[in-house]
C-alpha cells in the first residue's frame, strides 16, 4: 500500500521509516514524503493512481492541510481511479479543525504526538482491504 506523508517537519521521514521498518521491509507499506501541500499536489499529479492513503499535517506554511484536502477531494472525487483515503494530523486536537477536516472529506483525524501503534493498526486494516 502506497502512503504519501505530507508534513513540513522533515524529521517525520526518519520517524516513519523507523516506526514502520518491518512493514516497509516486508513490502506491506511504501512511503513517499512531501514537505508542503504544493509539493503533495505535484506528487499526486504524477502518481495519483498509486497513492492509496495520504497522511497530512494540517498546520503547514503556505498551503494548509485543509486546503490540500479540499484540492484532493475536488481533483479526485470519484473512481476511477479510487480517490485516496486522507487522514489529517494536527498538534491541535480542537473540534473546529476536526469538523472542518471531516466536512472536507477526511477519512480520519489524528493528533500529535502520533500514536504509532494505533496508526499501524489502522494502516494494516486498510492494507488488508486493498488486497
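Read the figures in this text as sums done on the coordinates, not as results from a lab. Keep in mind that this is a model prediction, so the values were computed, not measured. Positions of Cβ are backbone-derived with ideal geometry, glycine not excepted, and every protein chain shown enters the neighbour counts.
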Exercise for review: For residue 82 and residue 17, compute 0.36 nm times the residue count separating them, minus their Cα-Cα distance, and round to one decimal in nm.
Suggested key: 20.8 nm
Study note, to complete from the structure: Residues of region 85-109 with backbone N under 19 Å of the label point set 7 Å from the Cα of residue 24 along Cα→Cβ are none
Review point. Which whole-number percent is the relative contact order of the chain (Cα, under 8 Å, 6+ apart)?
Key: 23
**Study point:** Ranking of 63, 88 by count of other Cβ atoms within 10 Å, fewest first
**Key:** 63, 88
Revision key, fill the gap. CD proxy, 222 nm, the chain: helix-only mean residue ellipticity via -39,500 (n - 2.57) per DSSP H run with n ≥ 4, per residue, nearest 500, stands at -13000 deg cm²/dmol
Practice item. Would you mind calculating the relative contact order of region 22-70 from Cα pairs under 8 angstrom and at least 6 residues apart, reporting the percent as a whole number? Key: 36
